[in-house]
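Derivation of every value follows stated rules applied to the coordinates shown; laboratory data play no part. Note that this is a predicted model, so its numbers are computed, not measured. Please note: Cβ atoms are built from the backbone with ideal geometry, for glycine as well, and neighbour counts cover all protein chains shown.
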Amino acid sequence: MNDAEHAADKRIKIIVGVVLLLWLVLTLIFGLNEAYVRQPGALPLPILVGVLTPVIVFLVAFWTAGPFRDFVMSMDLPAVAVIQAWRFGGLGFIALYVYGVLPGLFAWPAGLGDMAIGITAPLVVLALRRRPAFAAGRLYAAWNLLGILDLLVAVSLGGLSSVLGIGISDAITTFPMAQMPLVLVPAFLVPLFVMLHISSLLQARQLKAAGKVCGWTEPALRCESLGSMHKA
């Protein structure tokens, strides 16, 4: 990487960092002002917009902005998988169900799905570190697709519970998910995790098309042919 490429790479990383920070700040401001709150039985449009808008912006930027696309395609896949390990925090949804804060219709699927991805994330990281060609395998693709599916199911069930007012009682619905601090989950973390999964899938597709994959193995870059990878 020459000086110009290094400067461009540093610049796009700064821009992405600033955008993420501004997004988080805006989400906090909207949350504190209860901009996501809707009456029980109403379609939670603000949260749906909060989930979908960042993902749409990400996809548009990927397909139209070359520097951003290069940034996405050069992301360290093991590091991305490490971030997904935080989803073990889905255990909190189940705890909130036990304490009568969230309905089981939402809490159990969302909690168990997130925990499954969080628990398996270290195994994915280990596989990517030991065998870079794992990134182009079907098992890695399936893990990312299941991670996206879990998030889609959680958001769908949360919206369904809100519209239909389904819960343990009239007082126990997904209403708290529209308030601080829980609103940070659907309005910030969910779209962030979706974008990370999509980034992984896009990079994996490119790696598979190239016929070999490279990964950072201290202290040097190591490349591995797909032919050496066991079918997953």
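At a glance:
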item: Cβ-defined net charge surrounding L157, 14 Å radius [Lys, Arg +1; Asp, Glu -1]; result: -2
item: Inter-label distance for L48 and L24, nm, one decimal - labels placed 7 Å from Cα along Cα-to-Cβ; result: 2.9 nm
item: For the stretch 98-108, Karplus couplings with θ = phi - 60° (6.51, -1.76, 1.60), whole Hz, Gly/Pro x; result: 4, 8, x, 9, 10, x, x, 4, 9, 5, 5
item: Formal net charge of residues neighbouring I117 (Cβ-Cβ distance under 11 Å; K, R +1; D, E -1); result: -1
item: Relative contact order, percent, the stretch 77-116 [alpha-carbon distance under 8 Å, six or more residues apart]; result: 46 percent
item: Mean-position separation - Cα centroids, the stretch 133-152 and the stretch 75-89, in angstrom; result: 12 Å
item: Karplus-derived 3J(HN,Hα), 6.51/-1.76/1.60, for each residue of the stretch 130-138, Hz, glycine and proline x; result: 7, 9, x, 5, 4, 5, 9, x, 5
item: In Hz, Karplus ³J(HN,Hα) per residue of the stretch 70-86 (6.51, -1.76, 1.60; θ = phi - 60°; x = Gly, Pro); result: 5, 4, 4, 6, 10, 5, 6, 4, x, 5, 5, 5, 4, 4, 5, 4, 4
